[in-house]
Amino acid sequence: MPDITVRWLDDQGELRSDGLAALDSVSAGEWRWVDIQDPDQATVEAVGKVFDLHPLAIEDALHIQRRPKLDTYSSGLFLAWLVPERVENGLIATSEFDAFLGPGYLITLRTENVSAIGMVARTGVREMQRGPDWVLHAIIDRLVDSTLPLADGLGDELDVIEDNMLGEPRREDLAHLHAVRRQLVFLHRIIALERDIIRELSRQRDVVGEDAYRYFQDVGDHLARVEESIDTYRDVAAAVMDIYLSAQSNRMNEIMKQLTVVATIFMPLTLISGIYGMNVLPGMWPPADAIWSFAIIIVSMLAIATTMALYFRRRNWW
C-alpha cells in the first residue's frame, strides 16, 4: 500500500506534513513536496492529474528503469536515478529513485527506503524555503556522497587481493578479483550516465534556478571524482591480474625447471641401465653374471646422480 507524505512550509516557515488531502489546500506562492513510497498506478495517476504530469512520465515512473534517465516535458521533468548499495552477499545492487520536478512541486517516488530523503525531510527547512530544485539537489547530493565509500570499499578489496597475489595466489583470489572487476564496471556505467544527467538537469532553467544551477554543477564535480576513483581502481584491478598471471607463469617456470633437472639427472642413469640391460656384449665389465656387478652399477648410478645434483645446486639451477 502506498505511503504518501505531502510536505510544505506554513505561513510561519514551519515544515508541515500530511497525507494526499494536503494537495487540496495549496495557497498562492506555495509549493508541495509529495513523497510516495511503494507507489501504485492509481496513486501516481491521481497525483499526476493534480500537477498535470505527462502520461509517458507517469508510465516511466510505474516501471522499473534499468538505466538512469532524464526526460523533459512542458510541465516539468522526470528523473530516474539509480542508487547503488551493498547487499547481503557483498555485491553492489541498485534501488530506484524517481522524481518529478516542476514549477511549484517536487514528487519523489521509491520502492525502498532512501535514507537521503529522510535526512532532507528532517533537516531540509532551508532547502524547502528555497524551492523544489534545492530539495532535489539536497537529495541527490546525499545520494552521490554515499557512492564514493562503495568505490573505496572495492579499492580496499583490491588491496587485499593484491597482497594475496604477491604471496600464494589461490583460485579463490582470482574469482574474487573477477567479481570486483565486474562491480567496478557496473558502478562506472551508472556513474557515467548519472554524470551526464546532472549536466543536462542543471541546464533546465525553467525549473532549476541560477543559484541551484551552480550547486548541481558541484554535484557533477563529485560524480566526476567518483568516476576518476573507479577508473583508478579498474587500472589497479588490471595490474593485479597481471601480477597473478606473472606469478602463475613464474610458478610454471619453476616447476618446469625442477622437472628438467630431474630428467637431466636420470638421462645418464637411463643410458647405463639400457646398456647393461642388453646383456649381449662379450667381455663386458663388470660382468653381467657376476654377483657384485649389480652393486657396482647401482653405486655408479648413485654417484653420477649425486654429482649432477650437487653441480646443479651450486649453479642455482635447483
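Values computed for the structure shown
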{"item": "Any chance R251 is at negative phi and in contact with a Lys or Arg (Cβ under 9 Å, 6 or more places away or on another chain)", "result": "no"}
{"item": "Neighbours by Cβ (under 7 Å, 6+ apart or cross-chain): first from the range 171-193, in contact (Cβ under 8 Å) with a residue 24 or more places away in the chain; second among the basic types (K, R) and surrounded by fewer than 18 Cβ atoms within 10 Å (Cβ to Cβ)", "result": "L193/R67"}
{"item": "Unique match (being under 12 Å from the mean Cα position of the chain (by Cα) and not assigned by TED's automatic domain parsing to the domain that holds R86) among R171, R182", "result": "R182"}
{"item": "Test for L177: is it over 16 Å from P84 (Cα atoms), touching a Phe, Trp or Tyr at 6+ places or on another chain (Cβ under 8 Å) and buried (at least 20 other Cβ atoms within 10 Å of the Cβ)", "result": "yes"}
{"item": "Meets criteria (out of contact with any Ser or Thr (no Cβ under 7 Å at 6 or more places or on another chain), of a type in the set (G, A, S) and at pLDDT below 90) for A224", "result": "no"}
{"item": "Among the residues listed as A99, A116, A93, the single one being under 30 Å from R182 (Cβ atoms) and in a helix (DSSP H, G or I)", "result": "A116"}
{"item": "Residue, surrounded by the most Cβ atoms within 10 Å (Cβ to Cβ), within the range 27-53, restricted to residues that are closer than 20 Å to W134 by Cα and either in contact (Cβ under 8 Å) with a residue 60 or more places away in the chain or basic (K, R) (or both)", "result": "W33"}
{"item": "Test: A151 is surrounded by 17 or more Cβ atoms within 10 Å (Cβ to Cβ), in a helix (DSSP H, G or I), over 24 Å from the mean Cα position of the chain (by Cα) and small (G, A, S)", "result": "no"}
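The values are calculated or read from the model by the stated rules, or taken from the named source; none is laboratory data. These figures come from a predicted structure and were not determined experimentally. Positions of Cβ are backbone-derived with ideal geometry, glycine not excepted, and every protein chain shown enters the neighbour counts.
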